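Taking it in order: structure first as structure tokens, then the write-up.
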Amino acid sequence: MDRNIRWFNMSIIDQISNIGGEVNRAIKWKNKNDTIKKLNFYNKAIELIVLTVKDPKNKHRIRELEFCKEELKDYFLGDNLYGTTDNVLIKYYDAFLL
């Protein structure tokens, strides 16, 4: 529960920046063909998105956050039906860096 409190005390910008860090690491290991590390960072990103969705202050962002989760799943585990690229993901999450 302590983790939730710390996470919920962060701004949405900080939350998404942290998610983006995990996404960037997953991309890095995907490109190095290290499936285990890619999956570890992907799973951490998903875990943080789920936590962000649970944060009461983000209730009006749930649709966007759920799409982020769906897009990452499609990109890292699926058939990439959305046509997502490394650059698209990096650009989206880097926009939240301070």
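By a straight-distance test (C-alpha under 16 Å), which aspartates and glutamates pair with Lys57 as possible cross-link partners, with residues fewer than eight away in the same chain excluded?
Once the sequence-local aspartates and glutamates are set aside, what remains near Lys57 is Asp14, Glu66.
If you add up the charges near Leu81, with Lys and Arg at +1 and Asp and Glu at -1, over every other residue whose beta carbon is less than 13 angstrom from its beta carbon, what do you get? Working shown, then result.
Details: positive: Lys73; negative: Glu70, Glu71, Asp74, Asp79.
It works out to a net charge of -3.
Beyond a 18 Å Cα-Cα separation, which of these cross-linked pairs lie in this structure: Lys30/Lys54; Lys54/Lys91; Lys32/Lys91; Lys59/Lys91; Lys32/Lys69; Lys44/Lys73? Let's see the in-between values first.
Details: Lys30/Lys54 28 Å; Lys54/Lys91 25 Å; Lys32/Lys91 20 Å; Lys59/Lys91 24 Å; Lys32/Lys69 22 Å; Lys44/Lys73 12 Å.
Correct reply: Lys30/Lys54; Lys54/Lys91; Lys32/Lys91; Lys59/Lys91; Lys32/Lys69.
In region 1-20, which residues have a backbone nitrogen under 15 Å from the label point lying 7 Å from Lys54's Cα in the Cα-to-Cβ direction?
Inside the label zone: 1-10.
Where does the chain land at 222 nm, in deg cm²/dmol rounded to the nearest 500, when only DSSP H runs of n ≥ 4 count, each adding -39500 (n - 2.57), divided by all residues?
Numbers: 5 runs with 72 residues, N = 98.
That comes out to -24000 deg cm²/dmol.
Would you mind calculating the relative contact order of region 7-76 from Cα pairs under 8 angstrom and at least 6 residues apart, reporting the percent as a whole number? Walk me through the intermediate numbers first.
Values: 50 pairs, mean separation 21.0, N = 70.
Taking the mean separation of contacting Cα pairs over the length of region 7-76, I get 30 percent.
Every read-out reported here was derived from the displayed coordinates using simple, explicitly stated rules and does not represent laboratory data. Nothing here was measured: the structure is a model prediction, and the numbers come from that model. Reconstructed Cβ throughout: ideal geometry from the backbone, glycine too, with neighbour counts over all protein chains shown.
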